[in-house]
Amino acid sequence: MTVQQSYDLAADHDAHIASAIAKFFRRIIPMLALMLIVNQIDRANIGFVKAELQTDAGISAAAFGLGAGLFFIGYALFEVPSNMMLKKLGARVWLTRIMITWGIVVVLTGFVSTPLHFYVLRFLLGVAEAGFFPGVLFYFRQWVPNAWRGRATAMVLTATASAFLFSGPLTGAILMLHEVNGLAGWKWVMFLEGGGSIVIGLLAALVLVSKPQDAKWLNPAEQRALQAQLALEDAARDVHAKEHGRWGLLRDRSLLFYCLIFFTMTMTGYTLVFWLPQIIQRIQGYNSFEIGLLTAVPWLCAIVALFLLGKTTDRYRDKLDKGLGLAMLIAACGTFMATTGTPWFGFVAMIVACIGSKVSAAFFWPMPQSELPASIAAPGIALINSIGNLGGFFAPTVFGYLELHTGSTTGGLYALTSVSVITGVWLLLRRKPVPPAFGHTERNHVRHTSH
């Protein structure tokens with residue numbers, strides 16, 4: 001008996017699932033998108049206040065790079081435990097807890113007065129945020145069948161890119177409050193943006209629903225169809241991976257592959273986040289708000305690219321690694337070009353790099369979401385994200401060190417270019433293992449939802 005045959009699926013099974021997912025996309029995705037936008041704003045705002053921190057708290061380029069990187073140490077250490085708690089307590093409780101606590105830490109960052117304070121609070125911010133993005137991905141595993149998961153992932157990745165449309169102008173505008181009520185502009189950034197996270201976290205507790213059976217806005221037929229489909233797909237993954245054992249999969253080569261690839265992607269992505277404002281500041285004659293507006297342009301272009309690729313990742317799941325390799329090469333080309341030519345040419349190059357970086361994530365995340373068995377989905381996704389995010393510690397730390405000793409960002413950009421090129425070429429040339437075949441129902445979903 002096949003996995004498919006072990007479930008009694010109604011004749012209108014596909015229609016009920018499509019209706020349930022449409023409701024999930026309308027009711028839940030917008031809140032998740034808002035949470036992710038605020039999350040990215042709170043992560044990236046430190047890149048806009050570097051000069052002010054250096055003046056007020058004596059934080060050098062190397063100290064800034066170390067502090068920016070310490071975030072990812074705290075994040076990596078608590079990532080897997082956080083996702084296990086999410087599995088136990090549910091997304092409604094745990095995702096909102098994460099958001100409220102990171103908002104508190106951001107507010108406290110407004111009181112930084114020494115490099116040590118900066119180090120401690122950046123580490124604590126990583127601890128507070130640990131498990132948030134992989135928690136959203138695991139949340140999809142509890143709600144979204146394979147045939148829709150690429151689109152759902154593209155939507156939340158679009159939200160993270162959208163954050164930079166708001167982050168630059170918003171943070172730049174808040175910086176212009178400098179000396180209002182005797183407070184420095186960077187302090188206003190931390191107080192207002194951190195306080196906003198706390199408020200939105202409280203609102204999210206009223207909107208999120210942990211599992212389909214808890215959603216009052218689904219009718220019983222939609223709940224049954226969605227639960228049956230998710231159970232069918234989980235069973236198929238578990239049968240395919242049964243010989244590895246529950247914990248053996250955590251040592252599996254495919255999981256190591258995902259960790260290494262995401263490590264490389266993160267090095268490029270977070271260097272762009274932290275140093276993009278400085279690269280754009282080479283363009284003379286703009287104030288902090290105008291620099292913020294310019295910073296938003298590359299991410300707007302990335303959003304357009306993600307929108308165009310939304311359904312592609314569902315229709316061509318067997319070629320995701322090739323798409324990922326190509327996207328990483330595009331990011332590498334943009335990063336390299338940023339080191340040459342005029343400031344405006346460098347700005348255009350950053351557009352190319354941002355597109356490549358965000359599109360890489362759209363190709364990457366549907367792979368582990370669809371392929372990891374249910375028994376280790378929560379810790380597996382968290383492990384990939386935590387180990388991969390150590391690239392977010394490595395890149396800014398090395399980048400800051402090179403900037404301090406060379407007086408230029410060029411060396412760091414060259415290093416990132418070489419890593420992305422090597423990884424991209426390897427992905428394009430490697431022979432991918434044959435993935436588990438689509439089930440009949442999943443094939444129907446892909447065919448009927450990809451037009």
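The values are calculated or read from the model by the stated rules, or taken from the named source; none is laboratory data. Since the structure is predicted, the reported quantities are computational estimates derived from the model, not experimental observations. Here Cβ is always computed from backbone atoms with ideal geometry, including for glycine, and neighbour counts include all displayed protein chains. These accessible areas exclude ligands, DNA and RNA; they are computed on the full protein's heavy atoms, side chains included. Shrake-Rupley method; radii C 1.70, N 1.55, O 1.52, S 1.80 Å.
Things to note:
- Counting only helices (runs of 4 or more DSSP H) that fall entirely inside the range 28-98 and contain at least 2 residues that are at pLDDT 80 or above and crowded, with 23+ Cβ neighbours inside 10 Å, the qualifying elements are 29-48, 61-89.
- Test: residue in the range 262-282 that is at pLDDT 75 or above and open to solvent by 50 Å² or more (accessible area, probe 1.4 Å): yes
- So E52, is it touching a Phe, Trp or Tyr at 6+ places or on another chain (Cβ under 7 Å) and acidic (D, E): yes
- The C-beta contact set for the range 57-68 (first residue within 16 Å of W186 (Cα to Cα), second residue modelled with pLDDT under 80 and among the small types (G, A, S), distance under 6 angstrom, 6+ apart or interchain) comprises F64/G400.
- The combined condition, being modelled with pLDDT of 75 or more and surrounded by fewer than 24 Cβ atoms within 10 Å (Cβ to Cβ), is not fulfilled by I381.
- Screening the candidates F347, F399, F363 for the property of being in contact with a Gly (Cβ under 7 Å, 6 or more places away or on another chain), among the aromatic types (F, W, Y) and modelled with pLDDT of 75 or more yields one hit, F363.
- Some residue of the range 8-20 being modelled with pLDDT under 75, part of a helix (DSSP H, G or I) and more than 30 Å from A296 (Cα to Cα): yes
- Per the listing P81, P115, the residue uniquely within 20 Å of the chain's Cα centre (by Cα) and of a type outside the set (S, T, Y) is P81.
- Those residues of the range 141-195 which are over 18 Å from the mean Cα position of the chain (by Cα) and of a type in the set (D, E, K, R), in sequence order: E179, K187, E193
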